Amino acid sequence: MQDKYSHTDVEKAAQDHWTAIDAYKAIENDPRFPKGKYYACSMLPYPSGKLHMGHVRNYTINDMLARFLRTNGYNVLMPMGWDAFGLPAENAALKNQVPPAKWTYDNIAYMKKQMQAMGLAIDWSREVATCDPAYYKWNQWLFLKMLEKGIAYRKTQIVNWDPVDQTVLANEQVIDGRGWRTGALVEKREIPGYYLAITSYAEELLDSVVNKLPGWPERVRLMQENWIGKSEGVRFAFPHTIRGADGQLIQDGKMFVFTTRADTVMGVTFAAVAPEHPLATHAGASNPKLAAFIEECKKGGTTEAELALREKEGMPTGLFVTHPLTGEQVEVWVGNYVLMTYGDGAVMGVPAHDERDFAFAKKYNLPIKQVVAVEGETYSLDAWQEWYGDKQRGVTTNSGAYDGLGYKAAVDRIAADLASKADGEKKTTWRLRDWGVSRQRYWGTPIPIIHCESCGAVPVPEKDLPVVLPQDCVPDGSGNPLNKREDFLKVDCPCCGKPARRETDTMDTFVDSSWYFMRYCDPKNNEKMVDGGTDYWMPMDQYIGGIEHAILHLLYARFWTKVMRDLGLVKVDEPFTNLLTQGMVLKGAFFHKPADAGKNYYWEHEVDVIRDDKGQITGGTLKKDGTPLEYEMTTMSKSKNNGVDPQELIDQYGADTARLFVMFASPPEQTLEWNDAGVEGAYRFLKRVWAFGHAKAAQITGGGTLNAAELNEGQKTLRREVYKVLQQAEHDYKRLQYNTVVSAAMKMLNTLEGAKLDDSAASNAVLAEAYSIFLRVLYPVAPHITHSIWKELGYSAQHGDILDAPWPQVDPAALEQAEIELMIQVNGKLRGSVKVPKDADKAAIEAAALATEAVQKFVEGTPKKIIVVPGKLVNIVA
């Protein structure tokens, strides 16, 4: 064993060894692992070019779990793949004038090399890339199966259209009504697209997330529940006599709304409709000012999240509808917060008992009518009070025949009357909308449809799958390049044989990530989407990823799994048994914020750092011109000039140091604040580990058989302390609290370094056992250095490769001790301690405590009471 720790040599040797023996190849029903399978998987990354520290943290969590479980007898699968389709590749291609395929595959090669340098226990034989035709063939195949079953369907959709780029933009790509890249005014267009009927699974998706996923974080389950958004209420109509240009009643003279608060219907003072609503369109046709407002409302994003943050604005239409119960005329407004895609695109305004309506009414001086009262509370128009909307506490008031009713009674009575007078019906609605999967982009899975003038939209025959995406296109900003590829477009109709053309829309990339974890189970099967591998490995036992994927990715993956189940492809209802959402990696960043502009960030090497008297960074100045800079702790990213390149870290300190630091710095589910001094500290610890092994090599390799009955007190103490720490480390491994696992390893090394042993054979045997336990506790965190030391000190001969060395079992006898130490409190204050025989009775403990100098100093005469807490303390009340 060489005297100095060389992380480069150690890590290369370990990785060469693991590669040579194909260490991480997972095989179904492997007889080496008696406890059966354990499938642990990190969310697959987008191949952006380089790993970031968030990746390192995510994959190290997974790797520690996989290594620990393997040493405990589990057949562990830890696969990896690439979420390789998507718009970033097109943007990079546009910038660099290279095909997205080349950019993507080059990035995959580099990032894979970085992962291998991290020493991750990945079964690379199962690697998938979603841009590989062998993978996306099955996207297309399942899409056609869903089309047959009616789960996939085609309808017209309203999209954001960039007239310069000739492409559809996602809501987040529209900034102040303009395309994020071109700055062109975005148009709303209606174009046909394909949808997946996720809403038909809404009830099951909700029931499962509420009742069947105890291994998920509560906040993620709640986010899913809210996104699905089940609402039980009443749908009814406000009648009207408004006629369109054709003389016909608009929407048959009925403006439908949905409410979960039928008890407040008597408090309606206005109605609001979406900018796209037929009543808004009709009113805008004769009112240029209103028409301009409607067009302004249509600009920008239309997601609920964006609308929630937007300033609520409205304009009256000059139209009125009739209240179905009172006969009063209700003014109709256009509201920028009303979604045409939610319900019927119209809402009843009850400002007295809805916070959003209250703010809207106050802004535009609309009437506010209280119709729910709570005993002991006074209603005020000055500010919104939470009780205004509390359906459980109040009774109806100012509601005519409905006065004095509680919530449920009022809902039942009013719903019955609405049913008879206003086409009302009790109804369940969902916030969830069907999933639009059509994207007018190039770099994605081609939708397997052929358009024929005679036969219409024709599915591609199964035998002709996959429809292969040309990989040599270079986007030029003038729209989807597939529209210019005659070799892709031209095809004969499968039905009539006439010339036809292929669909050029591609699938949403959420399709790719909705089932990749299934494909890991059968990655090389060219005949079936999935096969027996999913029967063995699924459901996944542990899924690990960022909280940013807590809604859409997880929801779509759950939906996709249920569709596959219903088509007889898999047997599971839910794909992920346990979920861990790791915290983000934060690091300090220096910035200057000019007036009327965003933040300009600077690298630390460009800054003269300013610290307070405690050494904490408070700001800085720019070296080149002295510009004062502010300092903040924020997400680590290249855009904020505060990223840390994992490869540079590995080159300088080694992968084990990187792994040790990111695990020690914070519990996995919490944010991690980067600290360069912490990295240095992790490196120093590993050098201590190596130095101890080198210094004690002769004793460890010369140790004989351990005979616990013949050990002296010093030898017993070392064993006891090591086993106590092992006990805690094992507990923390099982609950995935890896920061305290690292703490346990550090504590164990301190114990080893401070052990008082003689130079006897028995001491050597105790030392050899203790150090072997330490190496196994540390191994999942720092596998390279522990592999090397384990081999160098001859442990392999006794226990085999550390990769499969059995997890050390706690020896209960080693935890036994002749004496125990009890803390002494006098009147509740800690005053000292006393050692007593472990089997001492209460009287003996009291006598020993009273005899101590500490007690005699603070207690005069006979104490009033002595309380003995077995194994812990003696509390004396003087």
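Of note:
- Pick from segment 614-647, criterion polar (S, T, N, Q) and either part of a loop (DSSP other than H, G, I, E, B) or out of contact with any strand residue (DSSP E or B) (no Cβ under 9 Å at 6 or more places or on another chain) (or both), ranking: nearest to residue 582 (Cα to Cα): 637
- Residues in segment 67-101 that are touching a residue at least 12 places away in the same chain (Cβ under 8 Å), part of a helix (DSSP H, G or I) and in contact with a Pro (Cβ under 8 Å, 6 or more places away or on another chain): 67, 68, 71, 89, 90, 93, 94, 100.
- Helices (runs of 4 or more DSSP H) completely within segment 769-876 that count 2 or more residues being surrounded by 19 or more Cβ atoms within 10 Å (Cβ to Cβ), in contact with a His (Cβ under 9 Å, 6 or more places away or on another chain) and modelled with pLDDT of 90 or more: 783-792
- Checked against the criteria, residue 221 does not count as under 29 Å from residue 503 (Cα atoms) and not assigned by TED's automatic domain parsing to the domain that holds residue 349.
- Hits in segment 382-412 - residues which are surrounded by 17 or more Cβ atoms within 10 Å (Cβ to Cβ), free of Cβ contacts under 8 Å to residues at least 24 places away in the same chain and among the aliphatic types (A, V, I, L, M): 395
- Residue in segment 208-216 that is out of contact with any Phe, Trp or Tyr (no Cβ under 9 Å at 6 or more places or on another chain) and part of a strand (DSSP E or B) present: no
- Within segment 197-240, restricting attention to residues that are closer than 19 Å to residue 575 by Cα and of a type in the set (Val, Ile, Thr), the residue that is surrounded by the fewest Cβ atoms within 10 Å (Cβ to Cβ) is 210.
- Selection of segment 106-145 for residues being surrounded by fewer than 18 Cβ atoms within 10 Å (Cβ to Cβ), within 15 Å of residue 45 (Cα to Cα) and not basic (Lys, Arg) yields 106, 109, 110, 116, 124, 127.
- Of all the residues in segment 567-596, those that are loosely packed, with under 14 Cβ neighbours inside 10 Å and over 28 Å from residue 54 (Cβ atoms) number 6.
- Filter pass, residue 22 being among the charged types (D, E, K, R), surrounded by fewer than 23 Cβ atoms within 10 Å (Cβ to Cβ), at pLDDT 95 or above and on the phi > 0 side of the Ramachandran plot: yes
- Filtered by the rule that a residue be in a helix (DSSP H, G or I), aliphatic (A, V, I, L, M) and modelled with pLDDT of 65 or more, segment 287-316 gives 290, 291, 292, 294.
- Among the conditions (1) buried (at least 17 other Cβ atoms within 10 Å of the Cβ); (2) out of contact with any Leu (no Cβ under 7 Å at 6 or more places or on another chain), the only one that residue 682 does not satisfy is (2).
- Within segment 370-487, strands (runs of 3 or more DSSP E) holding 2 or more residues that are over 24 Å from residue 267 (Cα atoms): 449-452, 456-459
- Any hit, segment 746-757, residues being among the hydroxyl-bearing types (Ser, Thr, Tyr) and within 24 Å of residue 797 (Cα to Cα): no
- Close pairs from segment 431-460: first in the same structural domain as residue 502 (by TED's automatic domain parsing), partner of a type in the set (S, T, N, Q) and assigned to a loop (DSSP other than H, G, I, E, B), Cβ under 6 Å, at least 6 apart: 440/480; 442/480
- Residue satisfying all of: in segment 102-112; of a type in the set (A, V, I, L, M) and in contact (Cβ under 8 Å) with a residue 40 or more places away in the chain; farthest from residue 516 (Cα to Cα) among these: 111
- A count restricted to segment 113-147 and to residues that are assigned to a helix (DSSP H, G or I) and touching a residue at least 12 places away in the same chain (Cβ under 8 Å) stands at 22.
- Any chance residue 156 is out of contact with any Phe, Trp or Tyr (no Cβ under 7 Å at 6 or more places or on another chain), among the β-branched types (Val, Ile, Thr) and surrounded by fewer than 15 Cβ atoms within 10 Å (Cβ to Cβ): yes
- Condition met for residue 428 (surrounded by 16 or more Cβ atoms within 10 Å (Cβ to Cβ), β-branched (Val, Ile, Thr) and under 30 Å from residue 157 (Cα atoms)): no
- Selection count where residues are farther than 10 Å from residue 360 by Cβ and in a strand (DSSP E or B), scope segment 330-346: 5
- Each residue in segment 747-761 was checked for being in a helix (DSSP H, G or I) and more than 27 Å from residue 804 (Cα to Cα), and 2 pass.
- Set 274, 184, 280, 245: member being surrounded by fewer than 18 Cβ atoms within 10 Å (Cβ to Cβ), touching a residue at least 12 places away in the same chain (Cβ under 8 Å) and in the same structural domain as residue 325 (by TED's automatic domain parsing): 245
- Residue within segment 693-708 that is assigned to a helix (DSSP H, G or I), surrounded by fewer than 18 Cβ atoms within 10 Å (Cβ to Cβ), at pLDDT 95 or above and in contact with a Phe, Trp or Tyr (Cβ under 7 Å, 6 or more places away or on another chain) present: no
- Against the criterion of being of a type in the set (D, E, K, R) and either part of a strand (DSSP E or B) or modelled with pLDDT under 90 (or both), residue 608 qualifies.
- Just so you know, in segment 28-64 the residues that are out of contact with any Leu (no Cβ under 9 Å at 6 or more places or on another chain) and aliphatic (A, V, I, L, M) include one that is nearest to residue 575 (Cα to Cα), and it is 43.
- For the condition on the phi < 0 side of the Ramachandran plot and in the same structural domain as residue 723 (by TED's automatic domain parsing), residue 811 qualifies.
- Residues satisfying the stated conditions in segment 501-533, i.e. under 23 Å from the mean Cα position of the chain (by Cα) and not in a loop (DSSP other than H, G, I, E, B): 507, 509, 510, 511, 512, 516, 517, 518, 519
The values are calculated or read from the model by the stated rules, or taken from the named source; none is laboratory data. Just so it is clear, the structure is predicted and the values come from calculations on it, not from any experiment. Please note: Cβ atoms are built from the backbone with ideal geometry, for glycine as well, and neighbour counts cover all protein chains shown.
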